[in-house]
Structures are given as structure tokens and as C-alpha cells.
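Trainee: Structure provided below as C-alpha cells; questions to follow.
The values are calculated or read from the model by the stated rules, or taken from the named source; none is laboratory data. In this text the structure is predicted, and so the values were computed from the model without any measurement. Cβ coordinates were reconstructed from backbone atoms using ideal geometry, including for glycine residues, and neighbour counts include every protein chain displayed. Note: accessible area is taken over every heavy atom of the protein model, side chains too, but ligands, DNA and RNA are not part of it. Shrake-Rupley method; radii C 1.70, N 1.55, O 1.52, S 1.80 Å.
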Amino acid sequence: MANSPWTHHRRDGVADDIDFEIKGEELQFVEIELDPGESAIAEAGAFVWKDATVEMTTVFGDGSGDGGGGLMGKLLGAGKRLITGESLFTTVFTHRGQGKAKVAFASPTPGAILPLNLGDLGGSLICQKDSFLAAAKGVSIGLHFQKRVMTGLFGGEGFIMQRLDGDGWVFVQMGGALVERDLAPGEQIHVDTGCVAAYSPTVDFDLVAAGGVKSVFFGGEGLFFARLTGPGKVWIQSLPFSRLAGRMLQAAGGGGQNAGEGSVLGGLGNLIGGNN
């Protein structure tokens with residue numbers, strides 16, 4: 001594979017490691033290179049192309065429970081996907097031939113594809129519920145609920161996030177430009193709720209009020225923002241899909257009825273012009 005900022009070659013002795021290369025700038029796609037018998041999983045609609053020896057099948061749930069989870073495990077995995085708005089099924093791509101074979105997946109929106117090795121992050125990652133693009137087979141796609149009282153007051157719909165567990169590579173899609181912050185213990189940053197793309201489980205997530213009444217009526221921002229406290233890594237996206245969709249609706253005369261970058265505004269945000 002040609003060299004690029006996101007070219008990875010397997011490390012000796014790591015059985016579940018895969019080769020990949022991310023190509024493109026604003027509209028990226030990832031090429032994953034598979035050995036015979038090796039598999040990758042992806043969301044429906046992410047597939048771009050594959051070598052003919054790569055077999056394409058669908059599994060119920062995320063495929064991670066096939067080794068002994070039984071029907072109940074598969075139902076649980078599928079239910080978690082359904083709650084986050086995904087299909088009940090995941091597509092599996094397996095190399096059935098000899099030598100090397102490739103399969104490619106693309107992000108559906110302008111932005112960046114971030115490759116992360118879960119083994120280097122303690123085995124888990126929490127991300128926006130539409131962030132998962134693809135992964136090495138064996139990665140589990142679950143749910144993460146924010147347990148704070150304030151998030152519960154608003155039903156928590158905007159704060160049901162994806163939790164990815166395993167020790168292999170995952171590829172998550174981020175909107176716009178991407179910033180990575182490594183927070184020290186006790187260090188805090190405030191981020192628009194929709195711009196929180198992903199974070200490690202050691203980071204504490206809470207909602208805090210964005211300010212006084214004036215900021216609510218005239219600032220054009222949400223009533224609350226995310227307060228993230230270290231230690232751990234945080235990835236921030238500059239253009240959440242909901243923000244892009246809202247601007248497109250406004251340009252088309254639809255009034256931009258999004259809820260404010262995935263925040264808790266809902267109808268109140270539209271009433272006070274929170275999307276201006």
C-alpha cells in the first residue's frame with residue numbers, strides 16, 4: 001500500500017490486526033486488506049467496492065456473538081442496533097480466496113474517517129450513535145446511556161451513544177474537521193453536544209447550562225453543552241451531520257427543523273431560534 005497519514009501494516013504476532021489505508025481528503029474512504037479467512041464488518045450503505053474473492057453476507061446483530069452467544073445474544077445485539085437507529089443486520093465481508101484481497105468503505109458525509117485500535121484504548125470507545133462505519137470482525141457494537149440526572153430530565157434521546165468493545169480496529173466517521181484532545185486528570189473542556197464525536201470511557205461526561213437567559217435568546221446556541229472531564233481522549237468534530245442537514249433545510253426553505261446539533265433543544269430550540 002502507498003504511504004499516507006493513515007496507512008497501517010499489521011504487527012507481527014497480532015492475530016486480529018488488519019492492514020488498511022484511508023484515502024481522500026474531505027470525502028474519505030478506507031481500504032481494508034484481508035488475509036484468507038479474515039473478515040470485516042460494516043454498516044449497510046458503507047460498501048464501495050471489493051475484490052471478487054471477498055464474500056459479502058449479512059448477520060443478525062453485529063456478528064460478535066456468533067461464537068457462543070446463542071439466539072439471545074444475537075437478539076440483544078440486534079436490539080441495541082435498533083435503538084441507535086441502525087439496521088437489525090450488519091454486513092460481513094470475508095476473504096474466501098488466496099493471497100490478499102481488499103474491500104473499501106466510504107463515509108456518507110463530508111468529513112474524516114478515524115481509525116482506532118480498541119486494544120490501545122483499554123478495549124472500549126464511546127461515540128455518537130451514527131459514527132460507526134466498519135471494524136475488524138469481533139468488535140461488539142452496543143449502547144452507552146449517560147447516567148447523569150440532567151440528561152435524564154430530557155429523556156436522554158440525544159445522549160444514547162454507541163459503545164464499541166473489543167481489541168481490534170474500528171473505523172468511525174466524523175463530520176467536518178477533527179480535533180483530538182488528550183485530557184489530563186481533572187482537566188475539563190466544554191463542547192457542543194453534537195460536536196462530541198467520541199471519547200474514551202475514562203472521560204466523565206455531563207451536561208451544564210450554557211449561560212444566562214440572554215445567551216438562550218440571542219446567542220443561537222443550545223441551552224446546554226457537554227462538560228468533559230479527564231483523564232482520557234476526546235475527539236471533537238466541527239460539522240455534525242445534524243448541523244449540516246439543518247443548514248441544507250434552511251437553504252431549501254425548510255426552516256431547519258433540526259434540534260440543534262443533537263442537543264436537548266427540541267421544540268423549545270426551534271421556538272427561540274436556537275438554530276439561527
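Trainee: Quick one: would you say residue 243 is under 21 Å from residue 181 (Cβ atoms), at pLDDT below 70 and either in a helix (DSSP H, G or I) or under 22 Å from the mean Cα position of the chain (by Cα) (or both)?
Mentor: It is true that residue 243 is under 21 Å from residue 181 (Cβ atoms), at pLDDT below 70 and either in a helix (DSSP H, G or I) or under 22 Å from the mean Cα position of the chain (by Cα) (or both).
Trainee: Would you check if there is a residue in the range 186-195 being among the β-branched types (Val, Ile, Thr), modelled with pLDDT of 90 or more and buried (at least 23 other Cβ atoms within 10 Å of the Cβ)?
Mentor: Taking every residue of the range 186-195 in turn, none turns out to be among the β-branched types (Val, Ile, Thr), modelled with pLDDT of 90 or more and buried (at least 23 other Cβ atoms within 10 Å of the Cβ).
Trainee: Still on this structure, I have one more. Within the range 59-81, can one find any residue that is within 30 Å of residue 26 (Cα to Cα), open to solvent by 80 Å² or more (accessible area, probe 1.4 Å), in contact with a Ser or Thr (Cβ under 7 Å, 6 or more places away or on another chain) and modelled with pLDDT under 90?
Mentor: No, there is no match, as no residue in the range 59-81 is within 30 Å of residue 26 (Cα to Cα), open to solvent by 80 Å² or more (accessible area, probe 1.4 Å), in contact with a Ser or Thr (Cβ under 7 Å, 6 or more places away or on another chain) and modelled with pLDDT under 90.
Trainee: Which of (1) open to solvent by 80 Å² or more (accessible area, probe 1.4 Å); (2) at pLDDT below 90; (3) under 30 Å from residue 110 (Cβ atoms) is the odd one out, the single condition residue 11 does not satisfy?
Mentor: For residue 11, the exception is condition (3).
Trainee: Looking at residue 51, is it modelled with pLDDT of 90 or more, more than 22 Å from the chain's Cα centre (by Cα) and charged (D, E, K, R)?
Mentor: So residue 51 passes the test.
Trainee: Identify all residues within the range 35-58 that are open to solvent by less than 50 Å² (accessible area, probe 1.4 Å), in a strand (DSSP E or B) and not small (Gly, Ala, Ser); write none if there are none.
Mentor: Listed by number, the residues that qualify are 41, 54.
Trainee: Would you mind stating whether residue 163 is at pLDDT 80 or above and open to solvent by 20 Å² or more (accessible area, probe 1.4 Å)?
Mentor: Spelling it out, residue 163 is indeed at pLDDT 80 or above and open to solvent by 20 Å² or more (accessible area, probe 1.4 Å).
To keep it simple, each residue is scored yes or no on (1) under 26 Å from residue 206 (Cα atoms); (2) open to solvent by 10 Å² or more (accessible area, probe 1.4 Å); (3) in a helix (DSSP H, G or I); (4) modelled with pLDDT of 80 or more.
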{"residue": "108", "(1), (2), (3), (4)": "no, yes, no, no"}
{"residue": "114", "(1), (2), (3), (4)": "yes, no, no, yes"}
{"residue": "120", "(1), (2), (3), (4)": "yes, yes, yes, yes"}
{"residue": "126", "(1), (2), (3), (4)": "yes, no, no, yes"}
{"residue": "130", "(1), (2), (3), (4)": "yes, yes, no, no"}
{"residue": "135", "(1), (2), (3), (4)": "no, no, no, yes"}
{"residue": "143", "(1), (2), (3), (4)": "yes, yes, no, no"}
{"residue": "147", "(1), (2), (3), (4)": "yes, yes, no, no"}
{"residue": "150", "(1), (2), (3), (4)": "yes, yes, yes, no"}
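Trainee: Here is a further query. Can you tell me which residues in the range 85-106 are in contact (Cβ under 8 Å) with a residue 40 or more places away in the chain, in a loop (DSSP other than H, G, I, E, B) and either in contact with a Cys (Cβ under 8 Å, 6 or more places away or on another chain) or surrounded by fewer than 19 Cβ atoms within 10 Å (Cβ to Cβ) (or both)?
Mentor: 85, 87, 96, 97, 98, 99, 100
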